[in-house]
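Only the coordinates and a few stated rules stand behind these numbers; no lab work does. Computed from a predicted model, the values in this text were never measured in an experiment. Ideal geometry is used to build each Cβ from the backbone, glycine not excepted, and the neighbour counts take in all protein chains shown.
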Amino acid sequence: MRPTTRIAATGLSLLLAVAMAPAAPVVAATVQPFATESATNGIVLGPDGNLWVAEQFNDTVAQLSPTGAPLASLPVGANPTAVTTGPGGTVWVAVTGADKLVWIDAASASPTAHDVPTPSGCGPAAIASGGDGRMYFSCSGASKLGSVKDDGTDVVAADVGAGLVFDLAVTNGHLFAPDYDGDAVRRFALGRTLVLDGTVAMPSGSSGPDGIAADGAGRLWVTAYNSSQILRFPATQNLGTATVVPLTGGTLGSPFGIVASADGWVYATGKESGNLVRISSDGSSSTFYDLPAGAQAFSVVDGPAGDLYVTDQGQSRILRFVNSAPRVTSRPASSVASTGATASATVSPQGNATQVVFDYGTSTAYGRTTPAQTLAAGGAPVTVARKLTGLKPGTRYHVRVRATNGEGSTVGTDVVFTTKPARLAVTTTFSVTHGSTTVIKQLRLAKLRGGETVAITCSGKGCPFKAKTFRHLKKGQRSFGAALWKGSKLRPGVHVSVRVTAPKAIGRSTVLTVRKGKAPRIVQACLQPGATKPTRC
């Protein structure tokens with residue numbers, strides 16, 4: 001028979017364990033300080049987003065951040081076991097050895113504990129919120145079930161033939177209580193006076209129904225502690241027997257904790273086997289995950305980010321189980337140049353070896369993908385960056401991150417960037433004679449890439465023209481000689497401007513100013529795409 005008092009070893013640390021890929025169920029772990037010596041028992045994700053853990057042998061309830069940082073430790077009395085959430089930002093605790101319940105204003109800045117004595121001889125062992133204005137609890141060592149108003153008043157308990165109950169679940173307007181010694185699950189209509197309206201028996205060979213959880217499809221899942229099994233039945237069933245869920249790939253020894261997770265799977269813990277099993281919602285498949293050496297996995301709960309948290313009675317620690325599709329956060333492109341850029345993202349492998357690529361292209365169809373980068377299994381976010389090469393200058397690009405592991409693939413949001421325009425390499429030189437007047441014999445353009453436009457203007461006395469434009473220049477070089485300048489004598493103050501431009505490119509501006517008795521002054525600058533005024537290069 002399963003003992004009514006949950007015994008656990010003591011220790012000095014809080015462990016956060018991270019699960020690896022299902023193909024090789026190994027859990028990596030990091031250790032964080034835990035300030036008290038205790039056996040961890042019940043656990044719940046509180047309304048404040050933190051974990052609340054019953055420290056059975058320290059007579060306290062610990063408040064922990066999802067990363068394992070100790071936030072508070074509240075004395076509640078002898079042997080607290082089960083914890084659950086209640087309405088109004090509260091956490092409720094079954095304090096088995098002190099014959100009382102305790103509710104904690106968990107959502108307040110300074111949580112405090114408030115006692116709710118239970119009837120004499122009723123050491124509460126399990127507790128659940130009915131969603132009907134009352135909290136429901138079992139009495140350890142008796143067939144009694146009780147309830148109390150959400151405000152802590154009107155406590156009642158009665159022998160309703162429930163048997164020995166260590167866990168409770170509420171769904172479909174009923175309270176379900178596994179009868180550990182009676183090998184059955186009792187169903188009660190909710191209310192101040194509980195009414196037994198159904199009994200679902202364990203099939204032959206199944207023994208010790210213990211933990212229980214309701215899923216979102218109207219089914220109850222039950223751990224059979226003595227026969228090391230998982231069973232289930234519909235919430236509408238009030239007679240007959242439960243169905244054994246076949247488990248493959250491992251053995252679950254002495255299971256208790258069970259949760260129907262938000263990810264669609266059902267998870268159950270094996271105390272004696274030191275492992276965790278994941279079961280598909282239809283019960284057709286299962287995967288086992290080994291936990292760290294010495295673990296006696298007990299209660300299990302969904303965390304705030306989809307991770308699981310498991311209490312460990314063998315090492316007085318919490319195990320954080322991370323095993324899901326990657327999580328990604330896109331980041332802006334950096335080091336953007338004319339033909340390249342760097343794409344980056346933050347990727348959490350979520351407990352599995354993860355491959356990361358970046359898709360990129362000139363539309364959301366992308367079309368190009370970087371080589372894959374593999375991240376080691378783990379739970380911490382990693383910054384991943386890849387250089388994108390072979391891009392076109394002055395072009396708008398889209399890029400997204402895509403991360404894949406054994407649990408699935410996740411695509412990041414689309415990031416848009418525009419490459420910088422290329423700088424034309426063209427050089428501009430003048431061949432001139434000067435004295436009292438200046439004569440341009442030739443204007444020469446070299447290092448043309450092809451397709452450029454050159455605009456030549458002349459202002460002042462002696463100019464042979466005001467403006468000339470030449471388009472679609474050929475690659476290489478181009479000279480403008482006597483045919484253009486006609487041997488014109490340019491007076492001091494004349495300005496000759498030569499602008500060479502091309503689409504999506506930084507153009508070149510060269511201005512020649514005629515000076516009296518001196519060589520012409522030549523100033524070169526750059527022309528940004530679409531700009532009318534030159535800027536320094």
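The figures follow:
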read-out: Net dipole in debye of the chain [+1 Lys, Arg Cβ; -1 Asp, Glu Cβ; about Cα centre; nearest 20]; value: 8540
read-out: Residue-count net charge about Phe430 - beta-carbon cut-off 13 Å; Lys, Arg +1, Asp, Glu -1; value: +3
read-out: Summed side-chain charge close to Cys122 - residues other than Cys122 whose Cβ falls under 13 Å, Lys, Arg +1, Asp, Glu -1; value: 0
read-out: Theoretical gain in end-to-end length, Ala262 to Lys468 [0.36 nm per residue, Cα-Cα removed]; value: 67.0 nm
read-out: Exposure proxy order (Cβ contacts within 10 Å, fewest to most) of Thr395, Thr81; value: Thr395, Thr81
read-out: Computed label-point distance, nm, for sites Gln528 and Thr429 using a 7 Å Cα→Cβ extension; value: 3.1
read-out: Per-q log10 I(q)/I(0), the chain, q = 0.07, 0.11, 0.13 Å⁻¹ (Debye; single scatterer per alpha-carbon; no solvent); value: -0.55, -0.93, -1.16
read-out: Dimensionless Rg over Rh [the stretch 327-418; C-alpha; Kirkwood]; value: 0.98
read-out: Average silhouette area of the stretch 98-179, convex hull of alpha-carbon atoms, in square nanometres; value: 5.5
read-out: Residue-span extension gain [Lys504 to Asn238] - 0.36 nm each, minus C-alpha spacing; value: 88.3 nm
read-out: Model label zone, Cys537; criterion: amide N under 18 Å from point 7 Å along Cα-to-beta-carbon; scope the stretch 463-489; value: 476-478
read-out: For the stretch 185-229, average projected area of the Cα convex hull in nm²; value: 3.8
read-out: Amide H contacts under 5 Å for Ser299, placed H, 5+ residues apart; value: Thr311
read-out: Summed side-chain charge close to Val500 - residues other than Val500 whose Cβ falls under 9 Å, Lys, Arg +1, Asp, Glu -1; value: +1
read-out: FRET efficiency, 1/(1 + (r/R0)^6) with R0 30 Å, evaluated for Lys475 and Ser363 via beta carbons; value: 0.50
read-out: Furthest towards positive pole of dipole, Val310, Ala425, Gly487, structure part the chain, Cβ charges; value: Gly487
read-out: Cα centroid separation, the stretch 415-477 to the stretch 67-116 (Å); value: 81
read-out: Signed unit charges on C-beta, dipole axis of the stretch 327-418, positive-most listed residue Gly340, Pro381, His398; value: Gly340
read-out: Electrostatic dipole magnitude of the stretch 280-359 [Cβ: Lys, Arg +1; Asp, Glu -1; Cα centre; debye, to 20]; value: 280
read-out: Long-range amide H partners of Gly46 with built H, under 5 Å; value: Leu51, Trp52
read-out: Ratio Rg/Rh [Cα only; Rh per Kirkwood] for the stretch 271-324; value: 0.97
read-out: Inter-label distance for Asp414 and Thr395, nm, one decimal - labels placed 7 Å from Cα along Cα-to-Cβ; value: 1.7
read-out: Kirkwood hydrodynamic radius over Cα pairs of the stretch 170-296, then Stokes diffusion coefficient at 37 °C and 0.692 mPa s, in µm²/s; value: 225
read-out: Rounded to whole Hz, the Karplus (6.51, -1.76, 1.60) HN-Hα couplings of the stretch 121-130, x for glycine and proline; value: x, 10, x, x, 10, 9, 8, 8, 8, x
read-out: Extension reserve of the Ser204-Ala353 stretch, reckoned as 0.36 nm per residue once the Cα distance is removed; value: 49.4 nm
read-out: Per-pair calculated FRET efficiency, R0 = 51 Å: Ala107 and Ala293 via Cβ, rounded to 0.05; value: 0.85
read-out: Descending Cα extents along the principal axes, the stretch 388-479, whole Å; value: 83, 24, 23
read-out: Cα convex hull of the stretch 425-537, projected area averaged across orientations, nm²; value: 6.4
